Amino acid sequence: MQSNNWRPSASIAALKQRALVLRKIRHFFAERDVLEVDTPALSHATVTDEHLHSFSTQFQHPFAPQSQTLYLQTSPEFAMKRLLSAGSGAIYQICKSFRNEETGRFHNPEFTMLEWYRPGFNHVQLMSEIDDLIQMVLECEPAEKKTYQALFKQHLNCDPLTATLDELKTLAKHHGYGELAAEENNRDTLLMLLFSQQVEPHIGQDRPCFVADFPASQAALAQISATNPLVAERFELYFQGIELANGFHELTDSVEQLSRFERDNKQRQKRGLDRMPIDQNFIAAIESGLPECAGVALGIDRLLMLALKCNKIEQVIAFENSRA
Amino acid sequence: MLDGEPCNILENEFVKPGKGQAFSRVKIRKLISGKVIEKTFKSGDTVEGADVLDTELAYLYSDGEFWHFMNNDTFEQIAADEAAVGENVKWLVENDTCTITLWNGAPIAVQPANFVELEITETDPGLKGDTAGTGGKPATLSSGAVVRVPLFVQTGEVIKVDTRSGEYVSRAQK
């Protein structure tokens, strides 16, 4: 066992390809005049989303009597939006992000994220720019666009926006998730189960597929649609069974943002999870004026898995976690 | 434990949307019925742990109904029934160490050693001059197992067999 663990989990050839893809991406943004930035990995606050688990660590200031808790960021979103509020204009970042309790074929607890923001863009304009980037890296067909609702109806014959909890339970039971469904009283958990297990495997097989207009209850940091209050201006990109990116027409209302964070923390408490410190600098930045913008986070490691036709994330990162 | 049966996890795939609930898609073998099923759990869900223990015991003898094993340290004996021994009955060699899976103290599975040595009780006399290869011939072993052996191996010889694949490995080193 011990003997081979010093070796990289990716081949040197794969690492060369990785470097080439990163160079292409930086060139893509340089040509479009999008500024590369570098924001902290360690912060005093962190994400409140009940499904994201931050790593925390202790910072001992040399002159302070007590140490402070710092959190490794699950994405650079908050700090990047503070730059936008401070007038940075269009920005991108390629950085490590950290998520506890995530490991598997498509997950490593630390991974490389490409995140970018476009002031003046809505989510539709941003999708078109992502499409350009993906075509450049993967040399694939242009992406297709579908709505969450249309896909759900097509593959499960059910309207995800109006179905009741009982209807979703029955549907989950019908697809073999009876025991899980019987005890589940959260509509969104059932939607996530059905979408990830019964819809995702069918979409974006031949060309990338944008899934737009997620249910408003899964808005995260996206605006709610002005024309349909049941959906959020949030999208995801899938290709060949891999969830590649998540983007928003960004929420710019600080009161609404704060109330979503507080709702998250209440939900955490209900589930026996720790409340997370809300990033007040982030809230203050939105309040001072986050420009209308769209933003997206894209998993670089997964993009490389597609580019190099690898089926495990460890094949595209130098040392996956068990060797780190 | 699932549906009252101890289970073995064969595969576990972590499924998680970037913004959302994590699930585990698990492939499970039920140890009593031998059924393989797939199940999806919410991450963090718990199931009752099965009180299952693997022990190394020496095979003693069979009385026709039960197969008797002994712990060589404590001399404690355990009898396994046909359901527990199953297909592996043909690899049981007296005094060989086997892995017995106990659930609540009762044997539910018997795993022979990876390699066992058994005597050939019957095989056709091979053609002279043939060495290895060329498909070989069937040979019946003292335990009742039938394996393919090279033509040069004869009745009365002891051979080494891989119990996982049921394949001939070599003549036993005597």
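The values are calculated or read from the model by the stated rules, or taken from the named source; none is laboratory data. Keep in mind the model is a prediction, meaning the values are calculated, not measured. No Cβ is skipped: glycine too gets one built from the backbone with ideal geometry, and neighbour counts run over all protein chains shown. Only protein heavy atoms, including side chains, enter the accessible area calculation; ligands, DNA and RNA are left aside. Shrake-Rupley method; radii C 1.70, N 1.55, O 1.52, S 1.80 Å.
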note = Those residues of the stretch A:120-142 that are charged (D, E, K, R), touching a residue at least 60 places away in the same chain (Cβ under 8 Å) and assigned to a loop (DSSP other than H, G, I, E, B) come to a total of 1
key: Residue in the stretch A:32-68 that is farthest from A:Pro277 (Cα to Cα), counting only those that are assigned to a strand (DSSP E or B) and in contact (Cβ under 8 Å) with a residue 24 or more places away in the chain   = A:Leu35
inquiry  = Is it the case, given these coordinates, that A:Leu114 is touching a residue at least 24 places away in the same chain (Cβ under 8 Å) and out of contact with any strand residue (DSSP E or B) (no Cβ under 7 Å at 6 or more places or on another chain)?
reply    = no
request  = Determine if the stretch A:195-209 includes at least one residue that is at pLDDT 95 or above, within 24 Å of the chain's Cα centre (by Cα), open to solvent by 50 Å² or more (accessible area, probe 1.4 Å) and closer than 30 Å to A:Leu290 by Cα.
outcome  = no
message = Can you tell me which residue is nearest to A:Ala41 (Cα to Cα) among those in the stretch A:76-89 that are in contact (Cβ under 8 Å) with a residue 24 or more places away in the chain and open to solvent by 20 Å² or more (accessible area, probe 1.4 Å)?
response = A:Ala79
request  = Output yes when any residue across the stretch A:295-313 is more than 14 Å from chain B (Cβ to nearest Cβ), at positive phi and in contact with a Ser or Thr (Cβ under 8 Å, 6 or more places away or on another chain), and no when none is.
outcome  = no
key: Single condition A:Gln66 does not satisfy, out of (1) open to solvent by less than 60 Å² (accessible area, probe 1.4 Å); (2) over 25 Å from A:Tyr117 (Cβ atoms)   = (1)
request  = For the stretch A:65-83, indicate whether the set of residues that are out of contact with any strand residue (DSSP E or B) (no Cβ under 9 Å at 6 or more places or on another chain) and within 14 Å of chain B (Cβ to nearest Cβ) is non-empty.
outcome  = no
request  = Could you grab me the full set of residues in the stretch A:284-302 that are farther than 30 Å from A:Phe106 by Cβ and open to solvent by 10 Å² or more (accessible area, probe 1.4 Å)?
outcome  = A:Ala284, A:Ala285, A:Glu287, A:Ser288, A:Gly289, A:Leu290, A:Pro291, A:Glu292
query = For the stretch B:152-165, which residues satisfy the criterion of being open to solvent by less than 30 Å² (accessible area, probe 1.4 Å) and at pLDDT below 90?
reply = B:Val153
ask   = Looking at (1) of a type outside the set (Asp, Glu); (2) out of contact with any Lys or Arg (no Cβ under 7 Å at 6 or more places or on another chain); (3) more than 30 Å from A:Gly87 (Cβ to Cβ), which is the only condition A:Ala284 fails?
value = (3)
task = Taking the residues in the stretch A:171-191 that are without any contact (Cβ under 8 Å) to a residue 12 or more places away in the chain and not in a loop (DSSP other than H, G, I, E, B) as candidates, determine which candidate is farthest from the other protein chains (Cβ to nearest Cβ).
result = A:His174
